[in-house]
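So the structure is just underneath, and the comments pick up after that.
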Protein chains: 2
Amino acid sequence: MDLRKLRYFKVVADEKHIGRAAKVLHISQPPLTRQIHQLEEDLGVTLFNRTPKGMELTDAGRLFREEVNNIFGLIEQATERTQKAGQGRLGRLDIAIFGSGIMGDIPKILLAFKERYPEVNVVLHTMDKGEQINALRQKRISLGFNRMLAPLPDISSELVTTEKLLLAINSNHPLAALPEIPFTEISDIPLILFPSSNRPNFIDKTIRLCQLSGFTPHISQEVGDAVTGVALVASGFGACLVPQSATVLSLPGVVYKPLIDTPDEAEVDLSCIFRKEDESPLLKAFLEILIGYRTEKSQ
Amino acid sequence: MDLRKLRYFKVVADEKHIGRAAKVLHISQPPLTRQIHQLEEDLGVTLFNRTPKGMELTDAGRLFREEVNNIFGLIEQATERTQKAGQGRLGRLDIAIFGSGIMGDIPKILLAFKERYPEVNVVLHTMDKGEQINALRQKRISLGFNRMLAPLPDISSELVTTEKLLLAINSNHPLAALPEIPFTEISDIPLILFPSSNRPNFIDKTIRLCQLSGFTPHISQEVGDAVTGVALVASGFGACLVPQSATVLSLPGVVYKPLIDTPDEAEVDLSCIFRKEDESPLLKAFLEILIGYRTEKSQ
DNA sequence: TAATTTAATACCTTAAAAGTATTGAGATGG
DNA sequence: CCATCTCAATACTTTTAAGGTATTAAATTA
């Protein structure tokens, strides 16, 4: 069986005439006759009744014509879908986010991607940093969003955004009256820090920042993520350093205050990570959207 | 695009290794390498990631593998169905029957056919003789059952059965008391005859039979079919000559009596007709069943 | 009956797939 | 770190099969 024969068959069936069909196919009549004969022999079925007027499909031939149309339809669909997949316009992209990553830039990027590539099925998984790296290596995900990434030989990363740090503080606290809070004031406040796992993390960074400013922070509580941290601020546990994106969490009794006189590094970056050797067009497409989003934002 | 390439692709995808795949395909490695390259070029999509360990499907390649499996499945189905159709085991067979043809042998033959060829869709049409011949010529049907057929150049026929004639008579009639009725007794009885159309028909035959026995029948009424005829017998219109198969109609007040001392031709044949040049395997299959039924019955 | 039209056959040419030998690139192991 | 091994890829030749030209055979039509 051979697609050439099927193509030829279709034309002969349409034209009901070997000579005319040969013209349509831009070949001469004898090879076409032969191909049709071979097709009939392959199938063991007479597809045409030969008449002195031309060729007429048999019942079996008529059925076969339908089937052949289905086959070509399926082949066309297969090529189209495969080409889309090859361009990263079709498929499934597994992405990991972290606890409070639903806020800020990530949903905007995801939205931009889904709009540009509507046929890509984006599946989100919530994982912390360590889980993300495992999942990447096991190819359970293709991409992870996270902060504070240590370099790894098999994992690449791409910066998404850097955010200034704000202080989430209870509105009853005296410092909440100031429009901006000098960084060293933090030394006197019990701090809620997160996340509690996967060093190096934001906790380490905070401690270093304090040391740069010449004090050791008073750690009130370590929690898993920003949401929990801000909730504790509302309950009066202390203050919490959060990235700007966390300010979408508006809880009663919590205000977000800009910091002044901070060390230069008083900002935190959000990056995405992926396998260094991942050549997938889906990933490439996603990173393009990401970079597009980043440059658009910086303008 | 070429089925050979798809076949090769499948094996390489399974083996993840050009050399092994080439062995499986009983060809050498270089042509296989080339075919895979050509396939990728045709599609414009990289289907495999080449590693020093072998070949690994890309996402697009994985999708394409699924599609290729579907394509081969469809091709297999197409060949099977076409072969069945070529053997008359699949398709549609349009058959005409006449008014009272639902009785007797025809349903038995249809049943035998459907049992032997369950995938053939038998479609029944009720037509009189003239309509059947038209429909045959226009290929709206492939087969018609009828009686009293005059030979035609483009129509062949095959005898189904011959049936003795019986007299359907009202049970109140004096003759109904006899176990058998001498044929000449008919001359005194008003006769109901059928069918009223498409000469030569059963009416002509009856008149000829009477003349052979030396009398002219007293025609009470011409009706369309046996069912109507027997119904009129029940109402006392007269008697009606019917083929044996009509005796399945048991109406109150009607008895069926064998005839004695009849002319030799006092029987009627049931035949089926079809286009002389019809080579359809479906028709051939049906005629085989028909002949099988006939020989079985004659034993 | 001759002419025409159809598919089929015989024979040759061309294109493409398969084979052989070899290369090049990347990993592995002493 | 170099030799070796194992892949896929390339260069070139052979074989196979598809395509072309010329002709035939059969059947219909003028």
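Results, tabulated for the structure shown:
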| read-out | value |
| --- | --- |
| Point-to-point label distance, B:Lys16-B:Gln29, nm (Cα→Cβ direction, 7 Å offset) | 1.8 nm |
| Potential extension, B:Lys139-B:Gln38 segment - 0.36 nm per residue separation minus Cα distance | 31.6 nm |
| Length-normalised contact order for chain B - Cα pairs under 8 Å, 6+ apart - percent | 21 percent |
| Point-to-point label distance, A:Asp154-B:Leu152, nm (Cα→Cβ direction, 7 Å offset) | 8.0 nm |
| Equivalent ellipsoid, segment B:1-147 (semi-axes from 5 times Cα gyration tensor eigenvalues, Å) | 56, 14, 12 |
| Equivalent-ellipsoid semi-axes of segment B:61-117, from the Cα gyration tensor, Å, largest first | 42, 10, 9 |
| D_trans [Stokes-Einstein, Kirkwood Rh over alpha-carbon pairs] for the protein assembly as shown, 37 °C, 0.692 mPa s, µm² s⁻¹ | 100 µm²/s |
| Spherically averaged projected area of segment B:144-225 from its Cα convex hull (nm²) | 6.7 nm² |
| Antiparallel DSSP beta bridges within the protein assembly as shown, as percent of all bridges there, nearest 5 | 60 percent |
| Full-stretch length increase - A:Glu279, A:Leu212 - with 0.36 nm per residue and alpha-carbon distance subtracted | 20.0 nm |
| Alpha-carbon Rg/Rh ratio, for chain A, with Rh computed the Kirkwood way | 1.34 |
| Cα-projected label distance for A:Arg294 with B:Ser197, points at 7 Å along beta-carbon direction, nm | 8.5 nm |
| Value of Rg/Rh across segment B:218-299 [Cα atoms, Kirkwood radius] | 1.09 |
| Pairs of alpha carbons in segment B:183-223 whose separation is greater than 12 Å (percent) | 55 percent |
| In sequence order, calculated HN-Hα J values of segment A:84-95 (Karplus, 6.51, -1.76, 1.60; Hz; x Gly/Pro) | 4, 4, x, 9, x, 9, 8, x, 10, 10, 8, 10 |
| Qualifying trypsin sites (Lys or Arg not before Pro) for segment A:1-108 [loop in DSSP, other Cβ within 10 Å: at most 15] | A:Lys16, A:Lys53 |
| Residue-wise HN-Hα coupling along segment B:242-247, computed from phi with Karplus coefficients 6.51, -1.76, 1.60 (Hz; x: Gly, Pro) | 9, x, 3, 4, 5, 5 |
| Which listed pairs, of A:Lys23/A:Lys84; A:Lys23/A:Lys53; A:Lys164/A:Lys205; A:Lys5/B:Lys284; A:Lys129/A:Lys205; A:Lys129/A:Lys276, have C-alpha distances above 23 Å, in listed order | A:Lys23/A:Lys84; A:Lys5/B:Lys284 |
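Just so you know, all these numbers are worked out from the coordinates, no wet-lab data involved. Because the structure is predicted, anything quoted here is derived from the model rather than measured. Quick reminder, even Gly has a Cβ in these numbers, built from the backbone with ideal geometry, and neighbours come from all protein chains shown.
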